[in-house]
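A.B. asks: Below you'll find the structure I mean.
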Amino acid sequence: MSTATESPKTTADAPKNRGKAPAGERVADWADGRLGIYSLAKANMRKIFPDHWSFLLGEICLYSFVILILTGVYLTLFFVPSMAEVEYHGSFEPMQGLLMSEAYASALDINFEVRGGLLVRQIHHWAALIFVVGIFLHMFRVFFTGAFRKPREVNWLFGFLLLVLAIFTGLTGYSLPDDSLSGIGIRLMEAAILAVPVVGSYLQMFIFGGEFPGHDIIPRFFVTHVLLLPGIMLGLVVAHLILIVYHKHTHYAGPGRTNENVVGYPLLPVYMAKAGGFFFLVFGVITMIAATVTINPIWLLGPYRPDQVSTDAQPDWYLGFSEGLVRMMPGWEWVIPGGYTLNFGLLIPLAVFPAMLAVIGLYPFFESWVTKDKREHHIAQRPRNSPTRTGLGVAWLTAFGVTTIGGGNDLFAVHFNLSINAITWFCRIGFFVLPVLAFFITRRICMGLQRRDRDKVLHGRETGIIKRLPHGEFVEVHQPLPQDQLHVLTSHDQATPMEVGPETDENGVRRRINPVERVRARLSRTYYGEQAQIPKPTSEEYHEITSGHGHH
Amino acid sequence: MKKLSVRRRHPLAAFVVLLLALAATGGLYATLAPADEAQAETSAQSLAIEEGKRLYEVGCSSCHGRGAQGGSDGPSLVGVGAASVDFQVGTGRMPMAQTGPQAPEKPAVYTQAEIDQLAAYIASLGPGPNVPEESAYDPARGDAARGGELFRSNCSQCHNFVGSGGALTNGKEAPSLRDVEPRYIFEAMLTGPQNMPSFPDTTLTEQDKLDIIAWLDEVATSESPSPGGFSLGGYGPVGEGLFAWTFGIGALIAVAVWIGARSTKARKS
């Protein structure tokens with residue numbers, strides 16, 4: 001494989017060649033004359049990508065998305081998005097002669113008549129689950145390393161929108177086969193829409209084109225699932241990638257890695273090979289899972305009939321938290337004099353659900369408002385160095401986890417021999433208490449880790465070797481850290497919290513301080529105050545200690 | 001009448017009356033008495049009841065009462081029928097090892113012969129559903145497709161669409177129906193054990209029950225085909241989500257770490 005240093009030689013050789021140019025060069029020349037790809041390629045072929053496995057999480061999402069489109073196109077060829085009733089006479093014995101919608105019948109045919117249909121369906125569904133898992137992990141990485149800070153706030157928003165759209169694309173896809181679970185899911189969605197005050201019933205009629213289930217919802221979801229949402233997502237993915245190229249990638253702190261450069265390998269040839277190979281590995285892993293593990297066995301679920309329902313009717317995992325919110329919420333209901341019913345059992349979950357998502361999208365703006373940080377950041381932070389942010393992230397995850405457990409309360413009850421009522425109460429209380437606990441515990445852990453970093457810088461690594469000095473004292477030998485690790489542990493900034501200024505001006509008159517500013521200063525202290533930052537060792541401290549304890 | 005009244009004080013009258021009475025008794029006995037064979041069955045039945053009563057008093061009476069009249073620890077068993085005993089004791093649910101939200105399935109304590117005796121005793125206390133004939137629960141006689149429909153209408157709310165089981169309130173549960181013998185499924189539908197409603201023949205006809213058993217035989221046994229691969233227990237999306245979060249993303253992260261570590265490091269140093 002040629003490397004960066006060798007390539008100029010070959011270009012230098014090129015002008016000597018007086019004969020016909022090689023085919024590749026002629027094609028490139030032809031294309032350049034018409035598309036102007038030379039400048040584009042020149043600028044981007046040497047694009048640098050830093051090396052770290054956590055930077056590949058986003059690629060897992062990208063490749064799952066590509067797999068979803070490829071398999072989705074195949075499934076579209078055979079799926080009939082119609083709610084017309086037909087009698088089943090396919091090859092699956094235990095459904096013979098049942099009345100079902102054409103959508104469900106064609107989904108059964110995809111499983112049992114279409115060549116490779118079952119495998120492709122399972123790849124599609126597994127890739128969908130893994131796609132959203134990947135988005136979550138990718139967002140964890142970006143969030144906890146502060147990679148959403150300026151200049152990347154907009155790209156965080158693009159990613160956030162991709163998450164929301166992925167969730168809704170998943171929801172509509174889950175609903176398409178018109179099996180029992182699909183229908184139960186749509187029914188819950190309909191109920192939630194109906195719970196919206198005043199406009200609920202109109203919205204329901206608008207979306208379903210009549211009373212539930214009607215004949216419109218599957219075709220409408222089909223168009224949404226295969227055209228509308230993936231189209232928008234594709235656009236956002238492209239925009240997301242363009243911004244990554246424009247901003248350049250963040251990298252972790254290290255010697256030679258500054259806020260002004262990116263240290264890594266060029267797109268061509270190194271990253272092209274890596275990324276290309278990674279695509280096939282992701283495809284391979286997902287296909288292997290799909291070939292061995294059943295997902296959504298619609299042939300066992302039966303066609304949807306509004307009078308039939310099953311236990312274990314849960315949405316796919318990424319909507320488990322919304323299911324949990326509904327299961328946790330007491331079934332409160334008010335009848336306003338005049339006969340109008342307010343169904344809080346669904347209305348409150350319907351409000352909390354988008355709120356839980358929205359805080360993800362808005363967080364970068366909140367943080368930059370609190371910290372007044374307007375600088376560009378290209379070095380990924382270590383989560384411990386921003387304990388408040390890390391704590392907030394873990395608190396959100398705790399709330400998400402509690403609601404997700406609430407969404408699967410029946411399975412947890414059965415498999416851990418618990419009472420479903422007890423689990424529901426645990427989740428109801430835990431939703432409010434556990435995130436707070438998680439926040440403080442996480443912050444304490446981060447502080448502990450900062451202290452540990454400080455100790456390691458000043459005293460070196462504990463080797464576990466015990467030495468006995470001539471006068472009988474035992475000491476443990478500490479090994480000083482190498483220079484590059486010292487750099488990693490001390491390169492982060494430590495800002496000072498914002499001050500609102502003195503309460504009175506120079507004449508002793510009480511100053512008017514905007515209460516919003518007071519809140520902001522208070523929040524700023526939680527980010528940069530004493531309880532969030534252990535002062536990192538200065539070089540004076542380092543030299544003093546290392547010179548004094550040289551024998552260590 | 002006069003002749004009769006004249007001779008009623010005849011010295012032989014008493015003998016004549018006695019003879020007539022004896023003849024009538026004998027004749028009535030000859031016509032009305034049960035046949036010998038039936039007599040033998042009765043004695044076997046009463047023997048079984050006798051044995052069953054003895055077993056009952058040792059193993060069951062502490063909760064259900066000496067006369068099976070029930071008490072604070074167990075319900076009355078009068079009128080529950082032989083089918084109920086066959087189900088509860090045959091699947092090991094009774095006798096219970098300890099009190100709890102519900103009696104879990106466990107290895108049976110009694111032999112089938114003993115269970116039959118217990119069943120005979122309980123059946124003798126009051127009329128109730130009998131242990132079904134073998135043909136009543138033969139899956140081959142049912143229509144799986146129709147059974148699936150009936151199952152989804154009547155059973156899947158608690159037992160899940162393929163009978164993997166589900167939770168009920170306060171620690172109770174609808175047990176898994178996987179690999180449960182058709183006979184016990186039939187008896188459970190008939191008698192409605194524990195938290196299950198009963199489905200007598202007026203609610204689900206014998207054919208309906210056969211169809212449901214046929215559906216379960218098709219999808220909820222170890223021999224049921226699983227065209228998609230491992231079934232993850234048939235618990236729906238929660239299990240799938242857990243799999244995606246553990247094995248799915250775990251494998252991909254392992255691959256990512258491997259790819260991330262594969263670099264042209266040799267050139268760097």
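Just so it is clear, none of the values below were taken in a lab; they were calculated from the coordinates. Just so you know, these numbers come straight off a predicted model, no measurement behind them. Methodologically, a virtual Cβ is constructed for each residue, glycine included, from the backbone with ideal geometry; neighbour enumeration extends over all protein chains shown.
A.B. asks: From the phi of every residue in the stretch A:249-254, what ³J(HN,Hα) in whole Hz does the Karplus formula 6.51 cos²θ - 1.76 cosθ + 1.60 yield, where θ is phi - 60° and glycine or proline is x?
C.D. replies: Result, rounded to whole Hz: 7, 6, 9, 7, 4, x.
A.B. asks: If the only charges are +1 at each Lys and Arg Cβ and -1 at each Asp and Glu Cβ, what is the size of the charge dipole of the stretch B:41-125 around the Cα centre, to the nearest 20 debye? Write down the numbers at each step before the final one.
C.D. replies: Working: 5 positive and 9 negative charges, 49 e Å.
Around 240 debye, computed over the stretch B:41-125.
A.B. asks: Can you check what the net charge comes to around residue B:103, using other residues whose Cβ is under 13 Å from the Cβ of residue B:103 (Lys, Arg +1; Asp, Glu -1)?
C.D. replies: 0
A.B. asks: A further question follows. Only four residue types carry charge here, +1 at the Cβ of Lys and Arg and -1 at the Cβ of Asp and Glu. Report the dipole size of the protein assembly as shown about the Cα centre in Debye, rounded to the nearest 20.
C.D. replies: 3300 debye
A.B. asks: Let me know the volume per residue of the alpha-carbon convex hull for the stretch B:94-180, in Å³.
C.D. replies: It comes to 155 Å³ per residue, whole-number rounded.
A.B. asks: Continuing with this model, one more query. Which order do B:143, A:29 fall in if you start with the one that has the fewest other Cβ atoms within 10 Å? Walk me through the numbers before you get to the answer.
C.D. replies: Numbers: B:143 19, A:29 12.
Ordered by Cβ neighbours within 10 Å, fewest first: A:29, B:143.
A.B. asks: Amide H of residue A:293 versus every other amide H placed in the peptide plane: which residues, excluding those fewer than 5 positions away on the same chain, fall under 5 Å?
C.D. replies: Close amide H contacts, sequence-distant or interchain: B:230.
A.B. asks: Right, next: In terms of modelled amide H atoms, which long-range or inter-chain residues lie less than 5 Å from the amide H of residue A:333?
C.D. replies: The answer is A:344.
A.B. asks: Could you list A:39, A:386, B:61 so that the one with the fewest beta carbons within 10 Å of its beta carbon is first and the one with the most is last?
C.D. replies: Ascending number of Cβ neighbours within 10 Å: A:39, B:61, A:386.
A.B. asks: If I take the Cα coordinates of the stretch A:393-434 and project them onto the principal axes, what are the three extents in Å, biggest first?
C.D. replies: The Cα atoms of the stretch A:393-434 stretch 31, 15, 13 Å along the principal axes, largest first.
A.B. asks: Related question: Please determine, in degrees from 0 to 90 and to the nearest 10, the orientation of helix A:102-112 with respect to the longest principal axis defined by the Cα atoms of chain A, where the helix direction is its Cα long axis.
C.D. replies: 70 degrees
A.B. asks: If you don't mind, there's one more thing I want to ask. Pairs of alpha-carbon atoms within less than 8 angstrom and 6+ residues apart define the contacts here; what relative contact order does the stretch B:41-125 have, in percent?
C.D. replies: RCO, the stretch B:41-125: 39 percent.
A.B. asks: If I model the stretch B:134-222 as equal point scatterers sitting on the Cα atoms and use the Debye formula, what is log10 I(q)/I(0) at q = 0.11, 0.15, 0.18 Å⁻¹?
C.D. replies: -0.25, -0.47, -0.69
A.B. asks: Report, to the nearest 10°, how far helix B:13-32 tilts away from the longest principal axis of the Cα atoms in chain B, using its own Cα long axis and a range of 0 to 90°.
C.D. replies: That helix lies at roughly 20 degrees to the long axis.
A.B. asks: Another question, if that's okay. Principal axis extents for the stretch A:362-430, Cα atoms only, whole Å, descending order, please.
C.D. replies: The Cα atoms of the stretch A:362-430 stretch 53, 20, 15 Å along the principal axes, largest first.
A.B. asks: What is the set of long-range amide H partners of residue B:192 at a cut-off below 5 Å, with H atoms built 1.01 Å from backbone N?
C.D. replies: Distant-sequence amide H within range of residue B:192: B:199.
A.B. asks: Related question: Which whole-number percent of Cα pairs in the stretch A:237-353 have a distance greater than 25 Å?
C.D. replies: Cα-Cα pairs in the stretch A:237-353 separated by more than 25 Å: 62 percent.
A.B. asks: Which Cα, out of A:126, A:400, A:417, lies furthest along the positive dipole direction of chain A (beta carbon charges, K/R +1, D/E -1)?
C.D. replies: Of the candidates, A:400 comes out farthest on the positive side.
A.B. asks: Along the stretch B:65-78, what does the Karplus equation 6.51 cos²θ - 1.76 cosθ + 1.60 (θ = phi - 60°) give for ³J(HN,Hα), rounded to whole Hz, x for Gly and Pro?
C.D. replies: x, 4, x, 6, 7, x, x, 5, 9, x, x, 5, 9, 6
A.B. asks: Here is a further query. Over all distinct alpha-carbon pairs, what is the Kirkwood Rh of the stretch A:152-209 in angstrom?
C.D. replies: The Cα-based Kirkwood calculation yields 13.1 Å.
A.B. asks: Apply the Karplus parameterisation 6.51 cos²θ - 1.76 cosθ + 1.60, with θ equal to phi minus 60°, to every residue of the stretch A:175-188 and state each ³J(HN,Hα) to the nearest whole Hz, in sequence, with x for glycine and proline.
C.D. replies: For the stretch A:175-188, the Karplus-derived couplings read 7, 5, x, 6, 7, 4, 5, 3, x, 5, x, 5, 4, 5 Hz, x marking Gly and Pro.
A.B. asks: Another question about this same structure. Lysine pairs in chain A with Cα distance under 30 Å, only those 8 or more apart or on different chains: how many are there?
C.D. replies: 29
A.B. asks: Sorted from largest down, give the three principal axis spans of the alpha carbons of chain B, whole angstrom values.
C.D. replies: Projected onto its principal axes, the Cα set of chain B covers 143, 41, 29 Å.
A.B. asks: If all Cα-Cα distances of the stretch B:41-125 are sorted into 5 Å bins from 0 onward, what percent lands in each bin, rounded to whole numbers?
C.D. replies: It works out to 3, 16, 26, 29, 17, 6, 2, 1, 0, in whole percents.
A.B. asks: A further question follows. For chain A, restrict the atom set to alpha-carbon positions and state the Rg and Dmax in Å.
C.D. replies: That works out to 29.3, 95 Å for Rg and Dmax.
A.B. asks: Please order B:116, B:211 by the number of other Cβ within 10 Å, starting at the fewest.
C.D. replies: B:116, B:211
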